[in-house]
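The values are calculated or read from the model by the stated rules, or taken from the named source; none is laboratory data. Model, not experiment: these values are computed from the prediction. Using ideal geometry, Cβ is built from the backbone for each residue, glycine included, and neighbour counts are taken over all protein chains shown. When the accessible area is computed, the model is the full protein with side chains, heavy atoms only, and any ligands, DNA or RNA have been set aside. Shrake-Rupley method; radii C 1.70, N 1.55, O 1.52, S 1.80 Å.
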Amino acid sequence: MVERKIKLSGVNTLALLGYNDTYLHIIEKKFDAGITVRGDNLILKGEKDEVEKIERVFKELIFILNKNGHLTENDVNIVIDLVKLDSDDLTSTHRRKKHTVDELDSTILFTKNGPIKAKTPGQLEYYRQVKKNDIVFVIGPAGTGKTYLAVAMAVASLKNHEVNKIVLCRPAVEAGENLGFLPGDLREKIEPYLKPLYDALDDMLPSDKLKSYFDKRIIEIIPLAYMRGRTLSNAFVILDEAQNATSLQMKMFLTRLGVNSKAIITGDITQIDLPSRTTSGLVEIQEILKGIEGIAFVYLDKNDVVRHRLVKDIIEAYDRYNAMNGKSNEKREINNEPSS
């Protein structure tokens, strides 16, 4: 048994331990050692390995608190998981600290299948811009993780109690098929358009929890047209496949945001399925909202592709073909595959 003391002088104790010691209780449940708060000191008692892990957790949390000015429950859980994962692999304190902080900077959400992280410089910039801004447009080709990371960030915000609900929507635009000829009622007709959003959520949440969120309308997945007339406060809203939203639909979507809401708009301007004379709201909005504080544009490219290695080669082949034939990268092409 060992005892360690961590001095908290100059540290915002309430922010570090959480309201009603919420973060402290999370840490206590994860480790087999005693934690006592006495004034501006933390007293750790227990087996040496456990005490050292808890000490590392608090040091990392203090570092993050000083860096960001606040902590979230997700920060606490990520640090705990990373400390546990690294404890057997890294022995140098300096290496452990650098590794953990780097991992935390890129880790968005822990799921049943492991952590979801930004894997490329472009994705990391995407994540950072979403943390800094209320509205973020992310534009890039297929396979760059636009939709998947957006859903992960929304789920993380919901888990951290930063928002009360998630609304995910897509334009139900025909891509080579006529909705009127598809079988089933309206819900069954639009289901294929929303499937990528369901798939992402299935990866991130236990099935019973996901069903409960749907039943309570804490998470909604709807066609873009169903957004008209709504005001969404305390919500994380995602518009996917936004290249298929018209100018009016884009304006309608952006003006749905209420108090304490955040929005991500994703799309690929090389895969526009709108009629040839209809302007894509995603293409147009880049000029309209340029330079407005609180709104960011992130551009991903082939270097951010995280699907099968051939996806990057396919994108490069199309770029070469379009260049040889004098085609613009914004040429409308019909492609039924989801863009992220």
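Points worth noting:
- Under the condition of being within 18 Å of Leu254 (Cα to Cα) and either touching a strand residue (DSSP E or B) at 6+ places or on another chain (Cβ under 8 Å) or basic (Lys, Arg) (or both), the residues counted in region 269-297 number 12.
- Test set (1) modelled with pLDDT of 80 or more; (2) more than 28 Å from Gly258 (Cα to Cα) - His70 fails condition number: (2)
- Filtered residue count, region 194-213, keeping only those that are assigned to a helix (DSSP H, G or I) and closer than 17 Å to Ala152 by Cβ: 12
- Subset of region 152-193 [closer than 13 Å to Glu241 by Cβ, at pLDDT 60 or above and among the aliphatic types (A, V, I, L, M)]: Leu168, Ala172, Val173, Ile190
- All strands (runs of 3 or more DSSP E) inside region 214-298 with 1 or more residues being closer than 24 Å to Lys159 by Cα and open to solvent by 30 Å² or more (accessible area, probe 1.4 Å): 262-267
- Across region 14-25, not a single residue is classified as assigned to a loop (DSSP other than H, G, I, E, B), polar (S, T, N, Q) and in contact (Cβ under 8 Å) with a residue 12 or more places away in the chain.
- In region 56-76, the residue that is nearest to Ile116 (Cα to Cα) out of those that are open to solvent by 30 Å² or more (accessible area, probe 1.4 Å) and not in a helix (DSSP H, G or I) is His70.
- Residues (under 20 Å from Ala242 (Cβ atoms) and open to solvent by 20 Å² or more (accessible area, probe 1.4 Å)) located in region 106-131: Glu125, Tyr127, Gln129
- Pick from region 10-42, criterion more than 34 Å from the chain's Cα centre (by Cα) and farther than 22 Å from Leu82 by Cα, ranking: modelled with the highest pLDDT: Thr36
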